[in-house]
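Q: This structure is in structure tokens; I'll ask about it shortly.
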Amino acid sequence: MVDSFSTWQRPRGLFERYWQEQLRGERMILVAHDRGLVVGYTTLIWQSGYEYFRIRRIPEIVDLNVIELYQHQGVGTALLQAVEQHAVQHGKIMIGISVVQSAEYAAANRLYPYLGYLPDGRGITPYDHELHLIKDLT
Ligand SMILES: CC(C)(COP(=O)(O)OP(=O)(O)OC[C@H]1O[C@@H](n2cnc3c(N)ncnc32)[C@H](O)[C@@H]1OP(=O)(O)O)[C@@H](O)C(=O)NCCC(=O)NCCS
């Protein structure tokens, strides 16, 4: 993961923190790979930092990334579908995701509604300029 995302401002310490959080049961990491090469990953946290999700116990998908060479081949979709299944297996009926409202995140902003994620209706949080979306897993 460190090697695959070395140019993405994803330092080793971030992945080590994710790993420690997974060991504590706070986060689940999903990795997409092609014959040993890590091509993408995402994580699911059970307790969101976003109050609307946290109060409703809606787990949040955090940090979804696919390396450029493997984008637009369904890897992001596969990671999202796998993380949704994981949430269902843990008895969750809703799942959330947040995305910065800028051109840099155009692909994500198009992909999430396409896969059934709807805005929570509470607007963009001013401190991080993120739109928050929810998917009904039932
Ligand atoms: C957002 C991101 C994770 C999507 O990953 P991805 O693997 O490219 O996702 P998918 O291939 O499943 O879908 C992305 C696009 O490819 C299309 N697509 C899916 N399968 C496809 C296929 N077999 N052939 C062609 N296009 C396909 C989707 O319709 C979508 O197109 P659109 O956005 O123009 O509607 C990736 O672009 C990324 O890492 N971006 C940078 C980081 C980022 O923005 N992360 C999200 C932060 S919230």
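Q: Before rounding to the nearest 500, sum -39500 (n - 2.57) across all DSSP H runs of length at least 4 in the chain and divide by the residue total; then give [θ] at 222 nm in deg cm²/dmol.
A: -9000 deg cm²/dmol
Q: Name the residue farthest towards the positive end of the dipole of the chain from the options HIS132, ILE55, THR43, assuming +1 on Cβ of Lys and Arg, -1 on Cβ of Asp and Glu, about the Cα centre.
A: ILE55
Q: Let me ask something else. For a quick check: with amide H placed at 1.01 Å from N, whose amide H comes under 5 Å from ARG27's, ignoring anything fewer than 5 positions away on the same chain?
A: Amide H to amide H, under 5 Å and 5 or more residues apart or across chains, ARG27 pairs with GLN22.
Q: Contact order normalised by length for the chain, with contacts defined as Cα pairs under 8 Å and 6 or more residues apart; what percent is it?
A: Reported as a whole number, the value is 17 percent.
Q: Contour minus end-to-end for VAL31 and GLN81, with contour as 0.36 nm per residue of separation and end-to-end as the Cα-Cα distance?
A: Numbers: separation 50, 0.36 × 50 = 18.00 nm, distance 1.26 nm.
Residue separation times 0.36 nm, minus the Cα-Cα distance, leaves 16.7 nm.
Q: Express the Stokes-Einstein translational diffusion coefficient of the range 6-136 in µm² s⁻¹, to the nearest whole number, given a Kirkwood radius over alpha-carbon pairs, 10 °C and a viscosity of 1.306 mPa s.
A: For these conditions, the coefficient is 104 µm²/s.
Q: Another question about this same structure. Using 0.36 nm times the number of residues separating GLU104 and HIS90, minus their current alpha carbon distance, what extension gain do you get?
A: In short, 1.8 nm is gained.
Q: Carbon-plus-sulfur fraction of the accessible area of the range 34-138, 1.4 Å probe, in percent?
A: 53
Q: At 1.4 Å probe size, with every protein chain present, just tell me what the per residue accessible area of the chain comes to in Å². Please list the in-between numbers first.
A: Values: 8310 Å² over 138 residues.
Ligands and nucleic acids excluded, the figure is 60 Å² per residue.
Q: Among 34-45, 125-136, how do they line up by average Cβ neighbours within 10 Å per residue, starting with the highest?
A: Those peptides, ordered most packed to least, come out 34-45, 125-136.
Q: What number, in percent, do you get for the relative contact order of the range 29-72 if the mean sequence gap of Cα pairs under 8 Å and at least 6 apart is divided by its residue count?
A: Relative contact order, the range 29-72: 34 percent.
The values are calculated or read from the model by the stated rules, or taken from the named source; none is laboratory data. The structure displayed is predicted, hence computed values, not measured ones. Don't worry about glycine lacking a Cβ; one is built from the backbone with ideal geometry, like all the others, and counts go over all protein chains shown. Accessible surface areas use protein heavy atoms only, side chains included; no ligands, DNA or RNA. Shrake-Rupley method; radii C 1.70, N 1.55, O 1.52, S 1.80 Å.
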